[in-house]
Amino acid sequence: MRKNVIKLLARQLWQDAFRSKVMLIASTLMLFLLLFSAYSGWENYHDQNFTRDEIQEEVQESWENNPDKHPHRMSHYGSFALRLKHVLSVFDLGMENFVGNAVFLEAHKQNTVNFSEASMSTGLLRFGEVSLAMLLKVIVPLLIFYLGFATIAQERENGTLKLLIGQGITRKEIVFGKWLGLWSLSLIFLTSIFLVLLLFVLLESHDSMHTDSLLRYGVLLISYFLFFGILSAITILVSAFSATAKGALVKLLGIWLLFVIIVPKSLQAMGFYLYPTPSKIEMETAVEHDLVMLGDSHNPDDPHFKALKDSVLLVNKVTEVEDLPFNYGGFVMSKGEELSVEVYLEHQEELYEVYHKQNNLERYSAFINPYSAIKNLSMAFSGTDFQSFLHFKDEAETYRFKLAQDMNQLQMDFIPNKGKEGPDTISSDYWKEFPPFEYHFLSIKEVFKNELTSLIALLLWSLLSVFGLLKLSTNLKAI
């Protein structure tokens with residue numbers, strides 16, 4: 001293939017595109033949407049993180065300002081964990097508005113994560129919000145299809161294609177010239193959006209997350225780069241195999257509807273039908289049932305904990321709880337906390353497995369729908385996917401369990417057993433020693449691991465696109 005011929009054909013496609021009023025209107029609309037989504041995304045990110053940081057500081061201050069009291073009362077006083085937004089959430093909102101932002105942490109109980117944007121907004125939020133990623137995932141693909149539907153079909157109708165071949169331009173040069181022109185045209189929108197996003201990343205990323213944010217940014221850029229190449233190839237292929245330009249446009253609009261709306265929504269509904277999730281009441285009832293079966297740490301006559309007491313007394317060679325070298329109440333609470341966590345985690349893993357099966361339907365659909373691949377990659381590397389939410393929930397639970405167990409340990413160490421002389425409270429200085437909750441985002445290594453399927457699917461689509469263009473080069477009909 002001659003590179004100069006390919007570049008010439010690509011330049012010709014650019015000239016035809018910019019002569020069209022559609023390109024001017026589309027560019028103007030995209031500029032407006034870019035400015036609006038960038039501003040609203042940045043404001044939302046900044047305001048939300050500022051508010052959550054402020055509340056987290058107030059929570060810690062309230063915890064530390066508690067007076068001297070019994071450690072077990074402090075474990076029930078509890079704390080809050082708030083989820084911060086990743087800077088790349090400015091790019092892709094993902095599930096950000098539909099999952100909770102804060103959870104109350106207390107002993108013996110795992111509370112749900114609450115205060116999502118959707119729960120405090122009208123139903124209009126479910127139609128989605130304008131984001132930078134939405135422009136690239138939904139609007140730009142439509143523009144690619146519109147700008148490229150006539151690339152080959154129209155020239156065949158006009159007889160121009162036959163004339164080009166007659167002048168010595170090979171079919172391969174025509175196909176790859178048109179494809180390069182359309183792909184590079186789409187990169188105008190990609191470049192403008194990612195330049196704005198890079199500014200946000202550089203402004204907001206601190207030393208601890210600077211490298212991570214830039215790596216995530218790089219993966220997103222490469223992913224969308226490949227995605228637009230795939231869409232451009234699909235456009236050229238459909239145009240080449242369509243009898244008329246009008247027929248090519250209809251087919252491409254149908255493909256857009258399938259990729260962006262019909263397939264994703266259908267798979268979501270199918271996932272819930274095949275793998276139904278229990279309601280919140282059903283989940284809590286099942287957990288409570290299993291906890292009752294294991295034993296109640298607050299009930300001295302409970303068979304499980306009565307047997308535990310007998311074994312503790314035997315090991316320590318005493319006959320009464322009062323003679324133990326540690327506070328038995330704190331010990332029982334500690335064991336009860338361990339048992340309750342086991343039950344919660346068991347039911348949680350079962351629920352996560354159902355979610356995993358539901359999500360896998362759409363995840364594996366990436367091999368037949370490139371939109372699914374880019375959608376999953378976009379959310380994951382922006383820190384707004386479901387796995388990122390579960391990671392926050394797990395971190396909050398780890399913090400809650402440590403808080404409860406540390407309070408139980410303080411009770412064991414400093415509160416005397418019932419019947420013994422000694423203080424019933426401990427110094428408030430111990431509250432100040434307990435560190436505040438700090439949320440750490442999923443490592444990029446974990447994100448790669450979670451989205452390996454989507455990455456493989458996108459690479460396979462890229463290879464398939466090149467193969468399709470090469471195959472078209474040998475079978476392109478001039479008339």
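The values are calculated or read from the model by the stated rules, or taken from the named source; none is laboratory data. Remember, predicted model here, so these are calculated numbers, not experimental data. Methodologically, a virtual Cβ is constructed for each residue, glycine included, from the backbone with ideal geometry; neighbour enumeration extends over all protein chains shown. Side chains included, ligands, DNA and RNA excluded: accessible areas come from the protein's heavy atoms. Shrake-Rupley method; radii C 1.70, N 1.55, O 1.52, S 1.80 Å.
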Practice problem: Out of the residues in segment 28-46 that are among the hydroxyl-bearing types (S, T, Y) and closer than 28 Å to R83 by Cβ, state the one that is surrounded by the fewest Cβ atoms within 10 Å (Cβ to Cβ). | Solution: Y39
Quiz item: What number of residues within segment 25-59 are within 18 Å of W183 (Cα to Cα) and not polar (S, T, N, Q)?
Solution: 2
Exercise. Name the single residue, out of those in segment 392-437 being among the small types (G, A, S) and assigned to a loop (DSSP other than H, G, I, E, B), that is least open to solvent (accessible area, probe 1.4 Å).
Key: S428
Quiz item: In this structure, is F381 within 26 Å of V219 (Cα to Cα), under 27 Å from the mean Cα position of the chain (by Cα), modelled with pLDDT of 95 or more and of a type in the set (F, W, Y)?
Solution: yes
Quiz item: Out of segment 241-272, which residues are in a helix (DSSP H, G or I), of a type in the set (F, W, Y) and either more than 16 Å from L351 (Cα to Cα) or modelled with pLDDT of 90 or more (or both)?
Solution: W256, F259
Quiz item: Restricting the first residue to segment 156-169 and requiring it to be closer than 22 Å to K246 by Cβ, which pairs with a second residue that is in a helix (DSSP H, G or I) meet a Cβ separation below 7 Å and a spacing of at least six or different chains?
Solution: E157/A245; L161/E155; L164/I174
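Do we have W461 as aromatic (F, W, Y), assigned to a helix (DSSP H, G or I), over 30 Å from Y371 (Cα atoms) and touching a residue at least 12 places away in the same chain (Cβ under 8 Å) here?
Considered against the rule, which asks whether it is aromatic (F, W, Y), assigned to a helix (DSSP H, G or I), over 30 Å from Y371 (Cα atoms) and touching a residue at least 12 places away in the same chain (Cβ under 8 Å), W461 comes out as no.
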Exercise. Report whether or not L84 is crowded, with 21+ Cβ neighbours inside 10 Å and either closer than 30 Å to V201 by Cβ or hydrophobic (A, V, I, L, M, F, W, C) (or both).
Key: no
Practice problem: Only helices (runs of 4 or more DSSP H) wholly contained in segment 128-213 count here; list those with 1 or more residues that are among the polar types (S, T, N, Q) and open to solvent by less than 40 Å² (accessible area, probe 1.4 Å). | Solution: 171-204
Quiz item: Name the pairs whose Cβ atoms lie under 6 Å apart, with the first residue in segment 408-429 and under 18 Å from M333 (Cβ atoms), the second open to solvent by 80 Å² or more (accessible area, probe 1.4 Å) and not in a helix (DSSP H, G or I), and 6 or more positions between them or separate chains?
Solution: T425/D68
Exercise. State whether the residues of segment 64-76 include one that is surrounded by fewer than 22 Cβ atoms within 10 Å (Cβ to Cβ), among the polar types (S, T, N, Q), farther than 30 Å from Y224 by Cα and touching a helix residue (DSSP H, G or I) at 6+ places or on another chain (Cβ under 9 Å).
Key: yes
Quiz item: Scanning segment 438-474 for residues that are more than 21 Å from the chain's Cα centre (by Cα) and surrounded by fewer than 12 Cβ atoms within 10 Å (Cβ to Cβ), which turns out modelled with the lowest pLDDT?
Solution: T474
Self-check item: Selection count, segment 440-479, where residues are in contact with a Lys or Arg (Cβ under 6 Å, 6 or more places away or on another chain) and of a type outside the set (A, V, I, L, M)
Solution: 2
Quiz item: Pick from E117, E64: which is out of contact with any Pro (no Cβ under 6 Å at 6 or more places or on another chain), at pLDDT 90 or above and of a type in the set (D, E, K, R)?
Solution: E64
Quiz item: Out of the residues in segment 236-274 that are of a type in the set (S, T, Y) and open to solvent by less than 80 Å² (accessible area, probe 1.4 Å), which is farthest from the chain's Cα centre (by Cα)?
Solution: T244
Quiz item: Looking only at segment 3-25, which residues are in a helix (DSSP H, G or I), farther than 26 Å from G168 by Cβ and open to solvent by less than 100 Å² (accessible area, probe 1.4 Å)?
Solution: V22, M23
Practice problem: Residue by residue through segment 323-337, note down the ones that are modelled with pLDDT of 85 or more, in a helix (DSSP H, G or I) and of a type outside the set (A, V, I, L, M, F, W, C). | Solution: Y328, G329, G330, S334, K335, G336, E337
